[in-house]
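Below: one structure, written as structure tokens.
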């Protein structure tokens, strides 16, 4: 026979930036997704599972004049004539494609939820993977901000459903139109909202200020202002005021040039930044002052007012959902209300320092996304929950264990009695008890118990020929056994207090009782 | 502002060979996966969700000396120095990689289940997509055929759990070693089992006879025999006998050369092909005769005997699991027992002709797959359920409807009372009733009812200012309404028998009752 050339052994590795999920990691995420989808369904949303693969064209990755598409997605081309294909990088771009494709068959408004992995071709980092789960709900075709309010309410309900108690989260709501109104009111009229062409969500994510400059926006005065606003957390009210006007010295003594706004204009920006009050009504009053006579600004405040009223009427008060002008999500993309859910409790980071957990979900109104395909504006709003972050939060709070209880293990004392051992697990399973026979090499009994330990088994069942003759089995309580092993003397331990003899005929009933 | 060049509108299409799943298509598959994983867990299997992306090297697609990897997978390379990556084409190759990678941390035996989409870069056809679901369970590290028997039993349990009653399915079991033994016993010794190098499952799938020839297997005499065996269904016992010996005339009168086996050898092959009896004990006796003195053949029969005994002891008789020599799955790949679940009922095909539904799951023992990575043989056996086919079967039998009941729709008669309508759905949701307010443009009331119809809503709630004043709402039974509309006269229909007035305070209780 002709020899086939021997291949070198392949490496057994997960590709860089990807990971595998085992046991409880899978089932706990599934349980969370189940709870989330239950709430989404209760609100009338319908499931959609779109293809994981999209054409690059539909995703909105505009190909440069080279062979490779933009960074950020995993893309390939089968042959020179074929479409470029890519893995979806979020669940919103595919929704826009699906709605445009099936709009004549879908109800309007179309409320859909979707959950599943998305892929990003980005530099991986600690806790940052190239494949991760999203869980989205969107309403397409509803222009009323009642749709936005509803999604905020649903977001609060969802967080409580997965185990974040009231007080441990806050949903913060803002409106892109308000900031635009403020900037308009101080005479900065270049337009960051209405882009020369509609952007996809991912473009928006990439649309950092520097990027905007690249896209040839002539006047950058608004951008200058935005850059200073972004420093508010760091330099505070007075610092921003100086940066917006004549400039300031930083901590190193270096002088940073100011933007050169008049004092009054700077004050207006500051009044926007500090508009947040402990109750939404006061915040809204402050925002009205901040937008002055700007029509778009007033519209934005009116929308926030309506959202606030709708939510208050249903009992969602400021302890759950609050108007907050500092929310600036996806600046380049959203066209109206934006919202974000933040967990407010502290957890310890890798170095043991307490820190706020931060954002776990966000979204907003994007009225231009379907238009890319159809030419007609289609209003849409929706939220995306970062499922993996939310799981991490629950784990950090100790509300989710990393281990699950394993099956009852029936050990093999006598290879010839395999069929009999199988019938024991058969009985246990029929009673709904997770159970299995040890299927490795049974020679070394210690290995069987090590296996049971590794599987986190609560009980092991032992039946040798002696027990079989007497119609009994030994049941070993592995949890109790492990506890006793920690404290007991050798004599106590040899007495095997964690092991008991049970009549074969009573086995299922006894085990059911032992497992509670 | 500089104009950005206008892009042509992208096409809103699912990539060729892919599809989107809506509503019930998603939730029904999820319900099925939930039921399957429940059984798998009961049997002690642990969840694994490996990365959807693998290195081409780990998947076992050996790159030719060109830029593109083998057909069959979706693969790409980020840059010239980077690894080729690919979407997984099944769940078994990733399991082998995961087990090799984590073998020191995983329990042995490692029982894992996995479910999720896989991707094949194949020519799409009717009902044949490039992305589809698999749901696998495998035991790695158990050489005993008790592991194979257990998976066959679990497969039977699983089919019953998802709604295929006993009698509507059959699990058929064979053993690769038996056929090899038969061929050995007639003096054909070239080796199709132990390949010059271990093959991946996908290679196996591709390893059709013609392909084997390409792979330079010198002697093709076994292949010749296999080709004739494959015609058994078509030409019958006598036809195969002729083809194995001196040749035969086909229906058109053309003469087909025979393989040239002596009569006795041909009879032995025939005895293998016709070994199946109505009970497994008889089948096994027949197989013993067929393999003669071949050691590998006898080993194969002994393994089947043990599987048969284990299953019989647990009550899995020939009405559920049967020894069947005609099962030849993945001929190039499996090393021992192979098994297949077939639905035995008839359904009507696209043209209304009755046909057997056929195979919905299959698997077997593959002892060489992990060895690719580690150099050490690791025994493994497992099953893969074709979830989408199984769903199609249940739908074809009318055991699964394609529609789900939609939410209760609260219509909008008065835009200013939106908060109030929202509070109605809030109450309904709090009572666990799926409900939503119509969020489209409320001007045209007919559109609201059309929407309710499209959503398959059971009830619509109507509250105008008149009703609000009187503290009542109208409840429209849309299911009853649709029935009445079919038969009633105009007068009867105008009497609105499907509509009733309900006190606002009793609304939730009444709706709960109406929905049963």
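General observations
- Normalised by the number of residues in region B:408-514, the average gap of Cα pairs under 8 Å and 6 or more apart makes the relative contact order 26 percent.
- Value of D in µm² per second that Stokes-Einstein yields for region B:408-514, Kirkwood Rh from Cα pairs, at 37 °C (0.692 mPa s): 232 µm²/s
- Here A:373, A:22 are placed in order of increasing Cβ neighbour count within 10 Å, fewest first, which gives A:22, A:373.
- Ranking of A:410, B:322 by count of other Cβ atoms within 10 Å, fewest first: B:322, A:410
- Förster-model FRET efficiency, 30 Å R0, residue A:78 and residue B:374, C-beta, rounded to 0.05: 0.35
- Difference of contour (0.36 nm per residue) and Cα-Cα distance, residue A:399 to residue A:514: 38.9 nm
- For the protein assembly as shown, the C-alpha radius of gyration sits at 1.08 times the compact-globule guess of 2.2 N^0.38 Å, with N the residue count.
- In the protein assembly as shown, helical runs assigned H by DSSP with n ≥ 4 each contribute -39500 (n - 2.57); averaged across all residues and rounded to the nearest 500, the mean residue ellipticity at 222 nm is -11500 deg cm²/dmol.
- Using alpha-carbon coordinates, inclination of helix A:232-244 to the longest axis of chain A, degrees: 10 degrees
- The stretch between residue B:31 and residue B:465 holds 152.0 nm of extra length on full extension. This uses 0.36 nm per residue minus the Cα-Cα distance.
- Once the Cβ-Cβ distance of residue B:123 and residue A:285 is raised to the sixth power relative to R0 = 56 Å, the FRET efficiency obtained is 0.30.
- Where a label projected 7 Å from the Cα of residue A:359 along Cα→Cβ would reach, residues of region A:386-401 with amide N under 18 Å: A:386-393
- Crossing angle, helix B:176-185 versus chain B [Cα axis fit, 0-90 degrees, rounded to tens]: 20 degrees
- Relative contact order (percent, whole number), region A:330-471, Cα cutoff 8 Å, 6+ residue spacing: 18 percent
- Rounded tilt (10° steps) of B:387-396 against the dominant C-alpha axis of chain B: 60 degrees
- Normalising the average separation of contacting C-alpha pairs (under 8 angstrom, six or more residues apart) by the number of residues puts the relative contact order of chain A at 14 percent.
- Partner shielding of A:418-428 amounts to 4, given as the average count of beta-carbon atoms from other chains within 10 Å of each residue beta-carbon.
- Exercise: per-residue mean of other protein chain Cβ atoms within 10 Å, A:39-46: 6
- Extended-chain gain in nm, criterion 0.36 nm per residue less alpha-carbon gap, residue B:255 and residue B:484: 75.6 nm
- Relative intensity, log₁₀ I(q)/I(0), of chain B from a Debye sum that treats every alpha carbon as a point, q = 0.06 Å⁻¹: -0.43
- Span from the region B:20-51 Cα centroid across to the region A:283-331 one, whole angstrom: 42 Å
- Normalising by residue count, region A:356-398 has a Cα convex hull of 65 Å³ per residue.
- Panel order for A:36, A:270, B:409, by other beta carbons found within 10 Å of each beta carbon, from fewest to most: A:270, A:36, B:409.
No lab work stands behind these numbers, since they all come straight from the coordinates. Because the structure is predicted, anything quoted here is derived from the model rather than measured. Using ideal geometry, Cβ is built from the backbone for each residue, glycine included, and neighbour counts are taken over all protein chains shown.
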